[in-house]
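For reference, the structure discussed in these notes is given below.
The values are calculated or read from the model by the stated rules, or taken from the named source; none is laboratory data. Everything quoted here is computed from the prediction, not taken from an experiment. Cβ placement follows ideal geometry from the backbone for every residue including glycine, while neighbour counts extend to all protein chains displayed. Quick note on the areas: whole protein, heavy atoms, side chains included, nothing else; ligands and nucleic acids left out. Shrake-Rupley method; radii C 1.70, N 1.55, O 1.52, S 1.80 Å.
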Amino acid sequence: MAIEKIIVLEDEAVIRKHLTELLQRKNFLVAQADSVSKAKQLVDKDDFDLIFADVRLPDGHGTEVLEYCQLKATPPLVALMTAYASVESAVECMKGGAFDYLIKPFSDDQVDVLLKKAGEFHQLLKVNQHLSAGGVAEEEHQLLGNSPAIQQLNDLIRKVARTQATVLIQGESGTGKELVSRSIYKNSTRSKQPFITVNCAAIPDNLVESEFFGHEKGAFTGAVSRREGRFELAHGGTILLDEISEISPVVQSKLLRVLQERELERVGGTRTISVDVRVIATTNRDLAQSVERKEFRQDLFFRLNVVPIHVPPLRERPTDIPLLAETFMRRYAKKHGCPVGGFSKASLEALQSHSWPGNIRELQNVVERAVILSGEGALIDPDLLGLTVMSSGKIYIPTNPLAQTSQEAELPATQLKTEMPEVHEQASPSASSVSVAQGDGDILTLGEMEKRHIFATLEAFDQNRTKTAKHLGISIRTLRNKLNEYKASTDSQETPTEDNS
Ligand SMILES: Nc1ncnc2c1ncn2[C@@H]1O[C@H](COP(=O)(O)OP(=O)(O)OP(=O)(O)O)[C@@H](O)[C@H]1O
Ligand SMILES: [Mg+2]
């Protein structure tokens with residue numbers, strides 16, 4: 001499926017015709033050329049995936065076309081066709097970048113073998129282009145934890161990995177959903193095939209469709225060449241649809257079709273392309289609720305929710321915290337070259353009693369900061385974690401732990417800026433602490449405290465959401481979702497209902 005358009009460059013009419021017809025019978029789009037100059041014209045005009053090129057041509061050498069193609073952003077693969085007498089020159093050509101060669105006369109079966117190899121190679125190239133464009137930061141990560149919840153999760157991952165079933169991973173932000181999806185992939189029979197991720201929340205609405213399904217040249221302004229979508233890149237492998245709740249209704253319906261029929265058309269294209277892809281989706285929203293609110297298609301939800309996996313929040317498995325914290329401590333100590341002496345007992349207690357709204361990502365951030373700030377070989381004390389619950393009933397949100405550790409002078413000013421954003425310069429006392437008790441003496445709910453904390457942090461960062469989310473250890477998307485929820489609940493309170501009117 002990856003190879004579509006082919007040039008047959010051959011001056012001997014009989015061979016050219018035979019090969020062309022053979023390829024057309026296999027549904028490839030074939031253009032013919034009998035000279036180097038004609039082949040170059042074709043290469044200029046369109047994006048081809050493969051060229052069968054004769055070596056000796058009336059106006060030159062097949063290798064000239066090979067060189068010419070290398071000037072293109074995505075050069076086609078070139079297979080040279082040569083007579084036995086010039087095998088050596090074909091080998092030279094291979095060194096010059098030819099993909100393969102056929103010795104004349106060749107059989108149809110040999111062409112088949114070459115096509116199969118070219119198809120696999122072509123996909124590999126595309127996947128590599130995708131990876132080097134920053135698609136995936138590949139680092140081996142193990143799902144750490146001894147709690148029953150994590151053990152059950154690991155069992156489920158192993159069971160599900162063996163199947164081809166679509167998986168929907170739900171859980172709060174930072175709980176490890178992406179890690180779970182990678183673990184499923186690595187334990188699956190498709191582990192040697194591509195793992196392609198699409199962050200649905202990060203792609204602008206108008207580009208989502210072309211990212212998913214690809215586009216043909218000229219499909220829209222800026223579509224200067226044909227491009228495969230992520231589903232095509234994932235062919236034979238696995239696709240991760242990260243933050244699936246964020247896609248628009250139009251794309252939802254197109255996605256439904258791929259999930260039902262494993263078929264798609266590129267944007268601006270008419271040809272139906274079949275894909276063999278295992279789908280894993282993640283979301284930090286309650287998708288069933290999104291369905292109820294008519295924000296997410298029910299049929300798509302059912303298609304995705306074949307095997308649901310819930311990743312529990314960190315506060316529900318506090319026994320995992322010491323292992324996670326120690327592992328992260330060692331990792332960051334190595335990364336930053338800051339040998340630390342471990343956590344003090346009080347620190348471990350503080351870590352285990354914190355509610356971790358940003359889950360494991362927040363824990364990572366807290367540990368990384370503490371490692372950087374701690375003295376060489378020293379124990380990490382609670383004040384470096386910035387999680388202290390003060391006896392006055394106030395949750396203390398440290399704005400500048402440096403001030404308390406007298407290490408300020410040791411850190412360069414630039415690091416000070418990035419690690420400890422301007423909050424301490426701007427925050428008023430009310431913006432940097434949240435009272436657990438309300439004015440009337442009632443204890444605040446966790447949700448209410450979280451809301452107040454978010455608003456206080458926003459205020460401290462001059463409403464800058466990026467800095468706020470970073471400081472809170474949550475994604476911008478999560479912050480936006482939370483603010484939307486608060487807005488929705490305020491709106492519904494303002495709208496009189498039958499009960500209170
Ligand atoms: N059980 C775990 N053991 C070790 N590291 C973990 C574990 N769970 C999560 N992490 C780490 O925590 C960080 C956040 O995990 P991940 O990105 O998978 O979360 P997520 O649920 O996808 O978050 P979001 O909803 O914000 O996208 C990653 O660096 C990941 O490696
Ligand atoms: Mg994620």
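Of all residues in segment 198-224 being more than 21 Å from Arg257 (Cβ to Cβ) and open to solvent by less than 50 Å² (accessible area, probe 1.4 Å), which is farthest from the chain's Cα centre (by Cα)? Even if it seems obvious, please write down each step before you answer.
Taking segment 198-224 and keeping what is more than 21 Å from Arg257 (Cβ to Cβ), we get 199, 201-202, 204, 217-218, 221-224.
Restricting the remaining residues to those that are open to solvent by less than 50 Å² (accessible area, probe 1.4 Å) gives 201, 223.
On the way: Ala201: 10, Ala223: 23 Å.
Filtering segment 198-224 for residues that are more than 21 Å from Arg257 (Cβ to Cβ) and open to solvent by less than 50 Å² (accessible area, probe 1.4 Å), the one farthest from the chain's Cα centre (by Cα) comes out as Ala223.
Here is the figure for segment 189-206: residues that are assigned to a strand (DSSP E or B) and either more than 14 Å from ligand 1 (Cβ to nearest atom) or in contact with a Phe, Trp or Tyr (Cβ under 6 Å, 6 or more places away or on another chain) (or both) total 2. Being away from ligand 2 (no atom under 16 Å from the Cβ), at positive phi and outside the structural domain of Lys72 (by TED's automatic domain parsing) is a condition met by at least one residue of segment 256-268. The listed residues are Arg278, Arg266, Arg262, Arg297, and the only one of them that is in contact with a Pro (Cβ under 8 Å, 6 or more places away or on another chain) and within 29 Å of His215 (Cβ to Cβ) turns out to be Arg297. Checked against (1) open to solvent by less than 50 Å² (accessible area, probe 1.4 Å); (2) on the phi < 0 side of the Ramachandran plot, Glu448 passes all but a single condition, namely (1). Somewhere in segment 301-310, is a residue of a type in the set (D, E, K, R), out of contact with any Gly (no Cβ under 6 Å at 6 or more places or on another chain) and modelled with pLDDT under 95? Scanning segment 301-310 turns up no residue that is of a type in the set (D, E, K, R), out of contact with any Gly (no Cβ under 6 Å at 6 or more places or on another chain) and modelled with pLDDT under 95. Note on segment 225-331: enclosed strands (runs of 3 or more DSSP E) holding 2 or more residues that are away from ligand 1 (no atom under 12 Å from the Cβ) and surrounded by fewer than 22 Cβ atoms within 10 Å (Cβ to Cβ) are 307-311. Look at segment 189-213: where a residue is over 17 Å from Leu179 (Cα atoms) and assigned by TED's automatic domain parsing to the domain that holds Ile239 and a partner is part of a loop (DSSP other than H, G, I, E, B) and away from ligand 2 (no atom under 16 Å from the Cβ), sitting 6+ places away or on another chain with Cβ atoms under 6 Å, you get Gln193/Gly236; Gln193/Gly237; Asp205/Ser248; Phe212/Gly229; Phe213/Gly229; Phe213/Arg266. What number of residues within segment 89-103 satisfy the criterion of being open to solvent by 40 Å² or more (accessible area, probe 1.4 Å) and within 15 Å of Val8 (Cβ to Cβ)? Here the count works out to 1.
The residue of segment 332-345 that is farthest from Leu479 (Cα to Cα), among those that are modelled with pLDDT of 90 or more and open to solvent by less than 50 Å² (accessible area, probe 1.4 Å), is Gly341. Of the residues Ala98, Ala31, Ala39, the single one that is outside any helix (DSSP H, G or I) and either over 34 Å from the mean Cα position of the chain (by Cα) or within 24 Å of Ala219 (Cα to Cα) (or both) is Ala31. Does segment 38-50 contain at least one residue that is in the same structural domain as Lys117 (by TED's automatic domain parsing), more than 17 Å from Ala79 (Cβ to Cβ) and modelled with pLDDT of 95 or more? Yes, that holds for at least one residue.
Take Leu22 and decide whether it is closer than 17 Å to Arg226 by Cβ, under 40 Å from the mean Cα position of the chain (by Cα) and surrounded by fewer than 17 Cβ atoms within 10 Å (Cβ to Cβ).
Details: closer than 17 Å to Arg226 by Cβ: no; under 40 Å from the mean Cα position of the chain (by Cα): yes; surrounded by fewer than 17 Cβ atoms within 10 Å (Cβ to Cβ): yes.
Criteria not met by Leu22.
Which of (1) over 30 Å from Leu324 (Cα atoms); (2) surrounded by 12 or more Cβ atoms within 10 Å (Cβ to Cβ); (3) modelled with pLDDT under 90 is the odd one out, the single condition Val111 does not satisfy? Among (1) over 30 Å from Leu324 (Cα atoms); (2) surrounded by 12 or more Cβ atoms within 10 Å (Cβ to Cβ); (3) modelled with pLDDT under 90, Val111 violates only (3). Checking the stated criteria, Glu362 turns out to be within 21 Å of Val180 (Cβ to Cβ) and either more than 16 Å from ligand 1 (Cβ to nearest atom) or of a type in the set (Asp, Glu) (or both). Name the pairs: first residue in segment 109-125 and free of Cβ contacts under 8 Å to residues at least 40 places away in the same chain, second residue outside any helix (DSSP H, G or I), Cβ to Cβ under 7 Å, at least 6 apart or on different chains? Going by the 7 Å Cβ cut-off, the qualifying pairs are Gln110/Leu102; Leu114/Ala79; Leu114/Asp100; Leu114/Leu102; Lys117/Asp100.
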